[in-house]
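Can you keep this structure in mind? I'll have questions shortly.
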Amino acid sequence: MNKNRSWFDKKFRVSPAIKPIVPTLSCLPALILIVIFSLSPAILNLVLSFTDYRSASTPFEFIGFQNYIDFFSLIGDEVAEVFLTTIKYTLLTIFPNNIIALLAAFLTTRNLKGQNFFRALYFMPMILGSVVVCFVWGIILDTGSGPMIKLLEKFGIETALLGDPQTSLYWVVLVTVWGNFGYTMILYIAGLQGIDGTQYEAAAIDGASGFKLFWYITMPLLKPTFVICFWIGISGSLGMADYILLTTNGNYNTETIGFYILRMVLYGSGTQGMNSAIIIYNFIFVTTVMLVFKRLTGGKKEDD
């Protein structure tokens, strides 16, 4: 008997013929779940976008690309405004989120007393979830007795906060950043801890210190982390629906494409086929934005 046989071989007596496909077989449960819960609904949605399907109790027929054409002729102006709001919301969210997360990560990796406590504190909104976060901020931003409205009144500022079409989107951005920057902070902490300390030692020998170390050493070496954080942030903001739903319910010029799709599916008067076409358009929109972002951040490959 071969004493070098692995525990897996001894336990399950895998034959040499089957052993090469064992890794593939071990992935089958995950692949099956992905097909059932991700790939199959996506394919079904694509098929429905070519039909006038309304409900399981009514007959339907294939109508080709009619839903995609009607998308522009019936609700084009409304959707154009929603897309513009989505882009604005994404830009307003992504930069503060990354700046605050990077600052929090930098402060909690300086070997200061209580840094683990502050890491947990910053990450707490992610644990609480969007429902609790929006509930707390709803109390803070309450226009009747909330502390924020009283503070602004002391400075002579009159606003309806979340109920003001001119400022409501900015307050939603504030709530979104507060609720999500903890996750981005964790990614930046991992990036900072992955930087080799000898880089800083070499730069210090050359006379660099303080801000120069951060700008010329930390920032360039964090580029892969920046790309990941911005990628996650942009894709999440483009499809955001929960924070919009829980703060303004899409009112006061805060309706994004993610919430618009949710509203059309739940309360829209159109067919499910039209809703499926809107989802496909959103997929194309998000994919295009992410491909452009990848192109801009990919850089040029160095010649061998």
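Go ahead and run the numbers for FRET between residue 170 and residue 128, Cβ-Cβ distance against an R0 of 22 Å, rounding to 0.05. Don't jump to the answer; show the numbers that get you there.
Values: r = 22 Å, r/R0 = 1.01.
So the FRET efficiency works out to roughly 0.50.
Along the Cα-to-C-beta direction of residue 63, a point sits 7 Å from the Cα; which residues of region 228-271 have their amide N less than 20 Å from that point?
261-271
With springs only between Cα atoms under 10 Å apart, run a GNM on the chain and tell me which of 91, 221, 44 wobbles the most.
44
Using θ = phi - 60° and the Karplus curve 6.51 cos²θ - 1.76 cosθ + 1.60, what whole-Hz ³J(HN,Hα) does each residue of region 80-89 get, with Gly and Pro shown as x?
For region 80-89, the Karplus-derived couplings read 4, 5, 5, 5, 5, 5, 4, 5, 4, 4 Hz, x marking Gly and Pro.
Turning to a different aspect of this structure: Rounded to the nearest 0.05, what FRET efficiency do residue 112 and residue 140 give with R0 = 30 Å and r taken as the Cβ-Cβ distance? Could you check?
The formula returns an efficiency of 0.60 here.
Okay, next question. With bins 10 Å wide starting at 0, give me the P(r) of region 99-226 over every alpha carbon pair, in whole percents.
Going out from 0 Å in 10 Å bins, region 99-226 shows 11, 31, 26, 19, 11, 2 percent.
Suppose all protein chains stay in the model; what accessible area per residue would a 1.4 Å probe give for region 196-304, in Å²?
60 Å²
Then there's this: Output ³J(HN,Hα) for region 64-72: one whole-Hz value per residue in order, computed from phi by the Karplus curve 6.51 cos²θ - 1.76 cosθ + 1.60 with θ = phi - 60°, and x for Gly and Pro.
x, 8, 4, 4, 5, 6, 5, 3, 7
I've got another one for you. Report, to the nearest whole %, how much of the accessible area of region 169-304 belongs to carbon and sulfur atoms, 1.4 Å probe, protein only.
About 62 percent, which is the carbon plus sulfur part of the accessible surface.
Another question, then. Could you put 266, 169, 25 in order of accessible surface area, largest first, with the 1.4 Å probe and the full protein assembly present?
Order by accessible area, largest first: 266, 25, 169.
Run the simple label-point estimate for residue 47 and residue 228 please: 7 Å along Cα→C-beta, distance reported in nm.
Simple spin-label model gives 3.8 nm for this pair.
In terms of modelled amide H atoms, which long-range or inter-chain residues lie less than 5 Å from the amide H of residue 141?
none
Would you calculate the separation in nanometres between label points at residue 205 and residue 28, each defined as 7 Å from the Cα along the Cα-to-beta-carbon direction?
With each label placed 7 Å out from Cα toward Cβ, I get 5.7 nm.
I've got another one for you. What distance in nm separates the simple spin-label points at residue 253 and residue 214, each placed 7 Å from Cα in the Cβ direction?
Placing both labels 7 Å beyond Cα along the Cβ direction yields 3.4 nm.
Then there's this: Scanning the chain for GluC sites (Glu not before Pro) in DSSP loops with at most 14 other Cβ atoms within 10 Å, what's the longest stretch left with none?
The longest such stretch corresponds to 159-301.
If we count chymotrypsin sites (Phe, Trp or Tyr not before Pro) as exposed when they sit in a DSSP loop and have at most 14 other beta carbons within 10 Å, what is the longest stretch of the chain that avoids them all?
By the stated rule (loop sites, at most 14 other Cβ atoms within 10 Å), 156-304.
Here's something else I'd like to know. Just reorder 110, 295, 263, 119 by solvent-accessible area, largest first, 1.4 Å probe, all chains present.
295, 110, 263, 119
A 30 angstrom limit on the alpha carbon distance is what I want to check against. Which of 212/294; 113/223; 88/150; 113/294; 88/223; 113/154 exceed it?
With Cα atoms farther than 30 Å apart: 113/294; 113/154.
Using each residue's phi in region 205-210, evaluate 6.51 cos²θ - 1.76 cosθ + 1.60 at θ = phi - 60° and report the 3J(HN,Hα) Karplus result to the nearest Hz, with x for Gly and Pro.
Along region 205-210, the couplings run 5, 7, x, 7, 7, x Hz.
What number, in percent, do you get for the relative contact order of the chain if the mean sequence gap of Cα pairs under 8 Å and at least 6 apart is divided by its residue count? Present the calculation step by step, with values, prior to reporting the outcome.
Details: 270 pairs, mean separation 79.9, N = 304.
Averaging sequence separation for qualifying contacts and normalising by length gives 26 percent for the chain.
While we're on this one: So what's Rg/Rh here for region 21-148, counting alpha carbon atoms and using the Kirkwood radius for Rh?
Value, to two decimals: 1.14.
Taking amide hydrogens as modeled 1.01 Å from N in the peptide plane, which residues meet the under 5 Å criterion relative to residue 51, leaving out close sequence neighbours?
Correct list: 63.
The values are calculated or read from the model by the stated rules, or taken from the named source; none is laboratory data. Quick caveat, the model's predicted, so the values are computed rather than measured. No Cβ is skipped: glycine too gets one built from the backbone with ideal geometry, and neighbour counts run over all protein chains shown. The protein model used for the area step is the full one, side chains on, heavy atoms only, and it has no ligands, DNA or RNA in it. Shrake-Rupley method; radii C 1.70, N 1.55, O 1.52, S 1.80 Å.
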